[in-house]
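Below is one structure, written out as structure tokens; the observations come after it.
The values are calculated or read from the model by the stated rules, or taken from the named source; none is laboratory data. If you're wondering where the values come from, they're calculated on a predicted model, not measured in any experiment. No Cβ is skipped: glycine too gets one built from the backbone with ideal geometry, and neighbour counts run over all protein chains shown. With ligands, DNA and RNA removed, areas are computed over all heavy atoms of the protein, side chains included. Shrake-Rupley method; radii C 1.70, N 1.55, O 1.52, S 1.80 Å.
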Protein chains: 2
Amino acid sequence: MAHMTDIEIARGANKKPIREIGEKLGIPYEALLPYGHDKAKVSQEFINSAQDRGNGRLILVTAINPTPAGEGKTTTTVGLGDGLNRIGKKAAICIREASLGPNFGMKGGAAGGGHAQVVPMEDMNLHFTGDFHAITSAHNLLAAIIDNHIYWGNELGIDIRRVVWRRVMDMNDRALRQITASLGGVANGFPRETGFDITVASEVMAILCLSKDLADLQNRLGDMIVAYRRDKSPVYARDLKADGAMTVLLRDAMQPNLVQTLENNPAFVHGGPFANIAHGCNSVIATTTALKLADYVVTEAGFGADLGAEKFFDIKCRKAVLKPAVAVIVATVRAMKMNGGVIKEDLGAEDVTAVKRGCPNLGRHIANVKGFGVPVVVAINHFHSDTEAEIQAVKDYVAEQGAEAILCRHWAEGSEGAVDLATKVVQLAESGQAEFAPLYPDDMPLFEKIETIAKRIYYADRVLADKKIRDQLHEWEQQGYGNLPICMAKTQYSFTTDPNMRGAPVNHSVPIREVRLAAGAGFIVAMCGEIMTMPGLPRKPAADAIRLGEAGEVVGLF
Amino acid sequence: MAHMTDIEIARGANKKPIREIGEKLGIPYEALLPYGHDKAKVSQEFINSAQDRGNGRLILVTAINPTPAGEGKTTTTVGLGDGLNRIGKKAAICIREASLGPNFGMKGGAAGGGHAQVVPMEDMNLHFTGDFHAITSAHNLLAAIIDNHIYWGNELGIDIRRVVWRRVMDMNDRALRQITASLGGVANGFPRETGFDITVASEVMAILCLSKDLADLQNRLGDMIVAYRRDKSPVYARDLKADGAMTVLLRDAMQPNLVQTLENNPAFVHGGPFANIAHGCNSVIATTTALKLADYVVTEAGFGADLGAEKFFDIKCRKAVLKPAVAVIVATVRAMKMNGGVIKEDLGAEDVTAVKRGCPNLGRHIANVKGFGVPVVVAINHFHSDTEAEIQAVKDYVAEQGAEAILCRHWAEGSEGAVDLATKVVQLAESGQAEFAPLYPDDMPLFEKIETIAKRIYYADRVLADKKIRDQLHEWEQQGYGNLPICMAKTQYSFTTDPNMRGAPVNHSVPIREVRLAAGAGFIVAMCGEIMTMPGLPRKPAADAIRLGEAGEVVGLF
């Protein structure tokens, strides 16, 4: 079995009908909107009816800074969920949906890996339940409405040089990054420069993932700034009456999707905002719904804990009033070695010294997460080349930080390999140690919030920002946006803004290149470098080899 | 009940679970891929298993040239389907899917009207089962692959001035009609002019609707011409290895969608190609599947019989080897009056003379359809202001043409109002009169095919075309495309190319402005004027008023 690929294991899954998965959570079949026999959305009526119930315990799975070795954050999320079910807890997992477009560039991703996966894998890498298509439609409807408004007389006085709302497509298409639109004469409008981002970068995606219900969704959509007038006053989506129609397009997309793990445990897979220019977590509605239906809800955040967990805590938990009970930080021996300076090719050889040299990266993440008042356990995601001495080195290091590191073998063994981790998580959760608080208060000045994150989470000496950027932040404070949290857009590979600085670097500064207001999503993006919001395809795209096989199965996607 | 709107009637529908609708056609629940509880796709395995069965009888519903009075072609299709079921026949209907984008401009359409509708209406006007989104994705993946190929060295030698593959979006967005893409420097590719069409105008849509299975689909996708080299030799989608990945994206979209009429009879709603630059019929796979499962299959074609029925016969039936048994031509007293010169505001007053004056429009369509060897019955779709004398005038006229006109009240009465029509259709179908043959043979030269349609169907004196166009047609004949049928793109409002020429005009000529090769779909488009392939939004778009109501229902879409 160890030699099977993820897709082979996923195809061999003994899936149960989705109605049975719903039953595990007490969802009656009428409250499920099926998409095929193995996917369903949960109806809003049912979600409403569950609001009086208490909440289960929320477990965050986060990780060290990602390395090319791979850490297995989603794999651990799935494994822990299955492990909790195995030890008798009613547990559900909540993860993000995959974006379709990138799968035709690089190979598509499994949701998890080995014997800790969510299925149906093919659907999840293709159209799934159509949520991203709905977001694309809603986003582009607003774009069409803006240009249409200008075309028919521009009553709102939009400065066509200052339309900030671009279009989106769920595709890797560099040719659309920058375009001139409305060419071809009078009937096609006023020519102007614009472009496309990939759908997951849409503010609509971030909003869908942060809204507590459809009314909240519509309100946030209306709050979005789409353009400015010559006097620089903002034009909102609401001014264009686009919020109602966009909400209609997103009605079904707002409902959480239910699928299952390989061990037939419930998994909510819903929403997928960028983890750099957005907050990188699955939807609030999926998480809050799961908390009403399960005793334990295991979720994950994008990238490493410096970006993912910080945003999970300071944006998602703050805004949705979630109280995480435990955080699991995923690490691997291999990743510790890479943080200790070993190159990928040499990872196979035992090197306890390098492991020890790399551990301070993990140590910082432990301290950071504890700083939010959330108890931590480290999951060492086992790899067959790990040696006893290397594993022990990580365990010893983590113990010195006042936490425990637990070896997990869910990749190879499924839930059985995650029993120890699950047991520890339950122990921490039931201990009532958690006293979650965000890193900074709402009323802290915006620039100070950025500084707080940079210094407390990244261990930077200072934040560098032009007067123009500081003035912009002041202006937003004047306009009433000062209470928003910050969404840092920074490389995920380092605590610094330099992707090559592994480990636990000191003496670095964080330059802010640009700030953006996501008035609907409700955060301010601080960009510490060039962030690509529309990827391109590689020289030899995965699409070349993707096709249907003899039995109608998808070949080449994985 | 007569005062209820279509949407009110649709919302009051006593819908049955889609599994029960499937059961009516002998489709087991495992063979249905449900989308919610009232929509489902039929699995390919099941379709394959039904191939040994005999075929039911195929009934085409077509119409006179459309007028602003409205004829009710879909309403009659639905009413006839329900009527056939009422008189004890196992009948299914096959109609097209609606495009999402235009609903935010003008109000969305019902599928049918009054008590002859297909439900769920809201879903059918929004994302439905995601087919159009899949087509959009597949189309735009190919576009991204083309620009990516050029970016990475252009091994195929594509002339970037001659890339004919545009992008698509299911949105009315005039700003995208003509754009310059790949701006912004080296990393974004080679700047070039291009643009977007609406999704229903995509050749992928036409292909999906003409393919008999997934293998055929992939083959046709590969055959599409996407660009030319400097020596004008074509570059095919297959050369870019895009056909396999596109097929994967379209795998689910290829499966026919099953829904129901208000009377819980099965309705296949699948595909929706433009009726001008494409053939305007629902998918071949839906029609052929329905023919295996039902004794009577009622389908419709776009626009009036001069365009819709001609393309249904000469493109769809020719290519899919379908043998229509009966054609129903829908007419209304009001439309006859408009053809007779009455303006819309005066339609309420009795005017038998005007009815008689307008009837020759109907007469030509009767003769044309009979010319294909298909027996005809005329359905007079009843409107409350129609007088006995007016109705009799139509009946008398039709009798003179050697056919029968039957008054239908399905709009007000449902199936009960279509019993006479259904009875007549069965009588004609069982008489075995039909001897269907297309209008022209495959091996007729292309220009002669255009002339044949123009003279025999439009009653034109001649076809006008520049040498350039004739040369182009010759070139395609040399390249092996001479056997393709013609897809005329002409105004639907007249037999001529002038939309204002109602009735039965003579002494007119048909100017061909442009010809296009749809090598994958398998037809040559002859364009008789400017055809808009990307609509715009009106000054006051329907989107302004679209929102969710208190109960979560969609307001303002209808």
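General remarks:
- When DSSP beta bridges are restricted to pairs lying wholly in segment B:439-525, around 40% turn out antiparallel.
- Computed over segment A:299-446: relative contact order in percent, which uses C-alpha pairs under 8 Å that are six or more apart: 26
- Built amide H within the under 5 Å cut-off of A:Val554, gap 5+: A:Gly549
- Among the listed pairs A:Lys319/A:Lys468; A:Lys24/A:Lys292; A:Lys73/A:Lys337; A:Lys232/A:Lys316, those whose Cα-Cα separation exceeds 24 Å are A:Lys319/A:Lys468; A:Lys232/A:Lys316.
- Remark: segment A:537-545, residue by residue, has Karplus-estimated 3J(HN,Hα) of 8, x, 3, 10, x, 4, 3, 3, 9 Hz, where x stands for each Gly or Pro and the curve is 6.51 cos²θ - 1.76 cosθ + 1.60 at θ = phi - 60°.
- Mean residue ellipticity, 222 nm, helices only, the protein assembly as shown: the sum of -39500 (n - 2.57) across DSSP H runs of n ≥ 4, divided by residue count and rounded to 500, is -9000 deg cm²/dmol.
- For chain B, the longest principal axis of the alpha carbon atoms and the long axis of helix B:419-431 meet at an angle near 70°.
- Accessible surface, 1.4 Å probe, highest first, among residues A:Glu20, A:Glu155, B:Glu350, A:Glu45: A:Glu155, A:Glu45, B:Glu350, A:Glu20
- Per-residue surface analysis assigns A:Asp443 an accessible area of about 130 Å², computed on protein heavy atoms at 1.4 Å probe radius.
- Accessible surface of segment B:266-375 [probe 1.4 Å, protein heavy atoms]: carbon and sulfur percent: 53
- Note, ³J(HN,Hα) from phi for segment A:358-370, Karplus 6.51, -1.76, 1.60, rounded to Hz, x at Gly and Pro: x, 4, x, 4, 4, x, 4, 5, 4, 4, 4, 5, 4
- Taking a straight line from the alpha carbon of B:Lys356, these aspartates and glutamates sit under 13 Å away, with near neighbours fewer than eight places off in the same chain left out: B:Glu390, B:Asp396, B:Glu400.
- Per residue, the accessible area of chain A comes to 35 Å² when a 1.4 Å probe rolls over the protein heavy atoms.
- Inter-chain shielding of B:26-35 (mean C-beta neighbours from other protein chains, 10 Å cut-off): 3
- Gyration tensor (alpha-carbon) shape descriptor, segment A:224-315, a/c threshold 1.5: oblate
- With θ taken as phi - 60° and the Karplus curve 6.51 cos²θ - 1.76 cosθ + 1.60 applied, the whole-hertz 3J(HN,Hα) list for segment A:99-108 is 7, 6, x, x, 5, 8, x, 8, 5, x Hz, x standing for glycine and proline.
- For A:Val164, distant residues with modelled amide H under 5 Å away: A:Ala227, A:Tyr228
- Here segment B:420-475 is assigned +1 on the Cβ of each Lys and Arg and -1 on the Cβ of each Asp and Glu. Its dipole about the Cα centre then comes out at about 260 debye.
- q = 0.18, 0.21, 0.27 Å⁻¹, segment B:484-558: log10 I(q)/I(0) [Debye, one scatterer per Cα]: -0.83, -0.93, -1.20
- Segment A:167-213 shape via C-alpha gyration tensor axes, a/c threshold 1.5: oblate
- The smallest convex shape that holds all Cα atoms of segment B:149-243, its convex hull, gives 108 Å³ per residue.
- For segment B:1-58, taking Cα atoms only, Rg and Dmax work out to 15.3, 47 Å respectively.
- Computed from Cα positions, the angle between helix B:131-151 and the longest principal axis of chain B comes to roughly 20 degrees.
- Long pairs among B:Lys107/B:Lys467; A:Lys41/B:Lys16; B:Lys15/B:Lys395; A:Lys370/A:Lys490; A:Lys212/A:Lys395, criterion Cα-Cα beyond 31 Å: B:Lys107/B:Lys467; B:Lys15/B:Lys395; A:Lys212/A:Lys395
- Area buried, chain A against chain B - accessible surface, total, 1.4 angstrom probe, square angstrom: 5800
- Computed with the Debye formula from one identical point scatterer per Cα of the protein assembly as shown, without solvent, the log10 of I(q)/I(0) at q = 0.08 Å⁻¹ comes to -0.85.
- In whole percents, the pair-distance distribution calculated for chain B from its alpha-carbon pairs, binned every 10 Å from zero, is 4, 18, 29, 28, 16, 5, 1, 0.
- Relative frequency of Cα-Cα separations exceeding 25 Å in segment A:324-436, percent: 21
- Charge dipole magnitude, Cβ of K and R +1, D and E -1 - segment A:444-510, Cα centre, debye nearest 20: 200
- Rounded if a/c under 1.5, otherwise prolate or oblate - segment A:1-152, Cα gyration tensor axes: oblate
- Taking amide H as placed 1.01 Å from N in the peptide plane, B:Met534 has its amide H under 5 Å from the amide H of B:Ile198, each at least 5 places away in sequence or on another chain.
- Computed P(r) (all Cα pairs; segment A:111-270; 10 Å bins; percent): 10, 34, 31, 16, 7, 2
- Inter-chain neighbour count for B:159-168: the average number of beta-carbon atoms from partner chains within 10 Å of each residue's beta-carbon is 1.
- Beta bridges by DSSP in chain A, antiparallel share as percent, to the nearest 5: 40
- For chain B, the Cβ-based charge dipole about the Cα centre amounts to some 820 debye (Lys, Arg positive; Asp, Glu negative; other atoms uncharged).
- Per-residue average of Cβ from other chains inside 10 Å of B:182-189: 6
- The Stokes-Einstein estimate for segment B:467-507, based on a Kirkwood radius over Cα pairs and taken at 4 °C with 1.567 mPa s viscosity, is a diffusion coefficient of 103 µm²/s.
- Unit charges at the beta carbon, dipole of segment A:447-530: most positive-side option, A:Ala519, A:Met488, A:Gln472: A:Met488
- DSSP-defined beta bridges in the protein assembly as shown - what % are antiparallel, rounded to 5: 45
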